[in-house]
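Everything on this sheet refers to the single structure shown next.
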Amino acid sequence: MKTTIHRLRESRLGDTVLRSVRNRVSGPGWGGFHRDRVYKALILDLLQTFDFSSFVETGTDRGYSTEFVASRFPKLPVITVEVLESTFRRTKRFLDAYPNVKMMLGSSDEVVKALLDERTLGPRPMFYLDAHWQTHWPLAKELHWIGEAGLPSMIVIDDFEVPGQPQFEFDTYGGDDVTAGIACNLEYAEHALVPGRDHRAAFPSYRASDAFPDRAGVLRGHVVIFQEMPDEYDAFLERSAVQGHYFGHGRLTSRA
């Protein structure tokens, strides 16, 4: 059964039909943010609470997370970057339905730098960094360019190791096996942070049954970093939508 569904998804017609049906049943972007109900609620709460000028995603893949955000915030500029041309072309035909989405082809670190240099993201962008996979890891450079720009920014890094919460899976450089190489974790991120910037982090702390109440699912770790937003960080930790599901880690230290 899974093989049949996979074959359908890989065909242009099958992918279009399956996506259309699921969107009608579960809503646009149903597959976004790993289908994690708590994770999705976090993203919505952040976008509703703080006045972000743009939403930038790196690593589009099938575009479900992009679609989830764009469909619920139609006036928010949403920019998503994909490095693989075949994936870019497959997904673009779906995301073209959203006028507020700009899909870009290229290495995300280069695109993020260009967007920041051109000052097209507004005074307070939100970044969702999810372009690290196998041996292509632009994450360190993405964090560096965001830090260099110095804008008050929200940075959510996906597939991140959560301290003291082993139920959350995370990526490692070169593959999925946690013994394969460098982990996507605080040590990795802190080596990329620009010295002199104020960075404060929060992490998830919940169970798979919270995220997937109606089915089985795999938790993927993430971190929420507030750059030059100390007051917003404190306010975030006080929100009822956050308490019980996230905990504050405090200030990060650049190891660059």
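The values are calculated or read from the model by the stated rules, or taken from the named source; none is laboratory data. What you are looking at is a predicted structure, and each value in this text was computed from that prediction instead of being measured. Positions of Cβ are generated from backbone atoms using ideal geometry, with glycine treated the same way; all protein chains shown enter the neighbour counts.
Things to note:
- Considering 56, 83, the condition of being in contact (Cβ under 8 Å) with a residue 12 or more places away in the chain, under 17 Å from residue 126 (Cα atoms) and surrounded by 17 or more Cβ atoms within 10 Å (Cβ to Cβ) is satisfied by 56 alone.
- Among the residues listed as 69, 101, the single one being more than 17 Å from residue 155 (Cα to Cα) and modelled with pLDDT of 95 or more: 101
- For segment 36-57, the tally of residues that are touching a helix residue (DSSP H, G or I) at 6+ places or on another chain (Cβ under 9 Å) and over 25 Å from residue 205 (Cβ atoms) stands at 2.
- Residue in segment 226-236 that is surrounded by fewer than 21 Cβ atoms within 10 Å (Cβ to Cβ), at negative phi and either polar (S, T, N, Q) or not assigned by TED's automatic domain parsing to the domain that holds residue 36 (or both) present: no
- Residue list for segment 95-151, restricted to those being surrounded by 16 or more Cβ atoms within 10 Å (Cβ to Cβ), over 16 Å from residue 189 (Cα atoms) and of a type in the set (A, V, I, L, M): 95, 101, 103, 104, 111, 112, 115, 116, 121, 126, 149, 151
- Residues of segment 114-132 classified as within 27 Å of residue 45 (Cα to Cα) and not in a loop (DSSP other than H, G, I, E, B), total: 7
- Total residues in segment 171-190, condition assigned to a loop (DSSP other than H, G, I, E, B), out of contact with any Leu (no Cβ under 9 Å at 6 or more places or on another chain) and modelled with pLDDT under 95: 10
Per-residue answers, yes or no, for (1) at pLDDT below 95; (2) assigned to a helix (DSSP H, G or I); (3) closer than 15 Å to residue 153 by Cα:
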| position | (1), (2), (3) |
| --- | --- |
| 195 | no, no, no |
| 226 | no, no, yes |
| 232 | no, yes, yes |
| 241 | yes, no, no |
| 249 | no, no, no |
| 256 | yes, no, no |
